[in-house]
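Single-structure report; data block below.
The values are calculated or read from the model by the stated rules, or taken from the named source; none is laboratory data. Every value quoted in this text rests on a predicted model; they were computed, and no experiment measured them. Virtual Cβ from ideal backbone geometry, glycine too; neighbours counted across all protein chains shown. Surface accessibility is based on the protein's heavy atoms, side chains included, excluding ligands, DNA and RNA. Shrake-Rupley method; radii C 1.70, N 1.55, O 1.52, S 1.80 Å.
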Amino acid sequence: MYISNTDLLPPLFDRVLAYFDVKRSGHLLREDIVKGLENGIINAAAAHVRAQVERPVQPGTARTVEPGMGLGIAPPVAPGVSMTLTTSDRLSGADISRAALVQQLQAHTDLDAALIEIALLLVEAQIDLRLKGGVAFKISGIEFSRPNTERPGAELPPDTAMWCRSVLAPALQSATEDRPSVWTAFGKRRPAGIRVLIDTLQLSGTLRDAVPYEIRVDRHLVEPLLAEPRSDQRIRLLHISDLHLAADLSEPGRKLARPVLAPTHSFDTARFVASAVSSLQPRYDAVVATGDLTTDGARESFETVLQYVQSGSITGANPMRIAAYGLNASRSQRILLPGNHDRYAGATVTGQRLDLTCEEVLGTPRGYPYLLGYRPHGREADSLTLLFLVFDSSLQAGRGSGLSPADWARALAKGEIRDAELLQARKLIENKAAQPRVERIGGGFIDFNPGKTLRIALLHHHPVTKYAKPATPGDSSTFFGWMKEKLVKPVQDYQGQQVAENMAMENSDAFLRCCFDCGIQLVLFGHQHDPYQRLILDKVTPAAASPFGPGAGYMRAFCCPTTLQYDAPANGFYVFDFESETRVEWSMHGNQRVDGQPAAPMKLLQRKSFDLSVPPSAEELEECYALEH
């Protein structure tokens, strides 16, 4: 049986958070806590395999939520499929104390230790209740069962069964049935049912008898942690975009009726992408998703995004029938930003609106632009650090007040970044370059050496278009040639121009000028669904100084293909290997689809490299976008 991540720590915990006056999203906190538990188990399995083959632990390869956590582990079973971990008392084993687990989760979530303890007790209570009938269950590729269970339906020992029936069940029922009091208006009231639940759980944590668990971990979750250690200090970045996920992950692919004609993802493609990403050797260090994460901007679709990006395994609307792998990116590894589709707010009529569902569900910052840094844990401040300047290029004013066709077309796909945001970006970069300390992806801060950084701008809309070779005149010597040249081609050119205009980002040259002023070296985006790379040349001040030193006079732009949309002629993603502050190797992985044919597995399509300290080639200069003001 598969269950979802948040079912293991039920919504009842949200009421516990409210009892302790915690204002943050209960759903996201529950996801973080359970994800932390999953990562601890996976790390323990990887540590066991390393010990078996006498392989030293690699710095920086363990999951960052619970580094160094371990459990008492039995020899692996079913080589190539899963490995088995056995604990001595629920989630505690010989190599970890409960206090250490609480401390590490507390550092990751910034919650009080008492709240973390209550969360773990609730998780164990959920596991106890599910194992009461001897039925194993699975979450994110990790299966829980009781050791040495030979008979299906075998009961737990009498003492544990008594705990489930006479203590746990009444406490849960008391908390669930608790109702607000009429006296709430006269003073702050702490619900009695929640207090009873908390007291019961805390008391039972010291009085209940020990119950061991048997935990089987899918091998595919452990293998990325067992990759051969790198001989260099490179950082690997995964770039995905335009997922267009709908609420039901098992969606085969179609155009929705709400919003009208919005295209969805393909479940088959989602599986192929996750499989290709899990096969990367070495594993990616961080992932950026540059907008259009959903196709309709609905809350349920963003929850699917979170599940797909964060989980090691994923389920559809019916968790008993659909199971696949996700990207397995923790909060400390990912940057998720919105696109125009993410502002549709799940409405019937397609168009961008003033809506923050994306930020609320995904737990991302609400103010743009913002700056984040990334460097693998364990590396010195003088080693390479990636700096990400993150923009929201969706329309800031939503639909506006107009109802003209032009307003509707503009609200559909157009983007903008305002002058005030560009000014804020410049100030942000100047301050951080002067005081080199930046917020880390996922929380916390890191110090960095400005001379050992690589600066990347992230947005959804394209600030430059794909290079188009100059058109050659058609043959108008025949009647049909004349018709095509004089009648058909002008209409096609006009239609293409209108589409390009309605998808474009306003103020794009001002944005590029800001990037040059900020010392940006790479610009990553999506939106167009068509992969391309293009050099951007500063024709005005090619050697102008930035807060990070003299400018090179050029940047490189990368447009990511749609990673998951079902009807695209191709899907794919980029992988960047940053070997130093100047040396970059990139590859594109993707597939090709013929109309009416099913999705195909991902494969390596292209691999190139460049050095930011070396002048561009003549071919790049010929096809570059020249910024002339």
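Is the shape of region 255-299 best called rounded, prolate or oblate, per the rule: a/c under 1.5 gives rounded, else a/b larger than b/c gives prolate, else oblate, with a ≥ b ≥ c the square roots of the Cα gyration tensor eigenvalues?
Oblate.
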Accessible area of Trp408 in the full protein assembly, 1.4 Å probe (Å², nearest 10): 90
Rounded if a/c under 1.5, otherwise prolate or oblate - region 565-619, Cα gyration tensor axes: prolate
Gain on full stretching of the segment that runs from Asp110 to Asp567 - 0.36 nm per residue minus C-alpha separation: 160.3 nm
Length added when fully stretched, Asp407-Leu356, from 0.36 nm per residue minus Cα-Cα: 16.2 nm
Additional length obtainable on full extension of the chain from Ser383 to Thr582, 0.36 nm per residue less Cα span: 70.4 nm
Under 5 Å, built H, 5+ apart or other chain: amide partners of Gly346: Gly297, Ala298
Largest-first ordering by accessible area, 1.4 Å probe, given options Thr348, Thr290: Thr348, Thr290
Most to least packed among 534-542, 297-305 [average Cβ atoms within 10 Å]: 297-305, 534-542
Ordering of 335-347, 413-425 by burial proxy (mean other Cβ atoms within 10 Å per residue, highest first): 335-347, 413-425
Separation in nanometres of the label points that stand 7 Å from Cα toward Cβ, at Asp447 and Glu300: 5.0
Local electrostatic count at Cys560 - Lys and Arg +1, Asp and Glu -1, tallied over other residues with Cβ under 11 Å: -3
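How big is the antiparallel share of DSSP beta bridges in region 349-465, given as a percent to the nearest 5?
About 55 percent, rounded to the nearest 5.
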Long pairs among Lys255/Lys414; Lys255/Lys603; Lys35/Lys466, criterion Cα-Cα beyond 30 Å: Lys35/Lys466
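Shape call for region 503-629 from the C-alpha gyration tensor, a ≥ b ≥ c root eigenvalues: rounded (a/c under 1.5), prolate (a/b greater than b/c) or oblate? Intermediate results must be reported in sequence, preceding the final value.
Details: a/c = 2.56, a/b = 1.77, b/c = 1.45.
Prolate shape, in that a/c is at least 1.5 and a/b is the bigger ratio.
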Rounded Å value of the spacing that divides the Cα centres of region 580-629 and region 362-398: 23
Globularity ratio of region 249-380, using Cα Rg and 2.2 N^0.38 Å: 1.11
Highest to lowest packing among 239-245, 448-454, 568-574, scored as the average C-beta count within 10 Å: 239-245, 568-574, 448-454
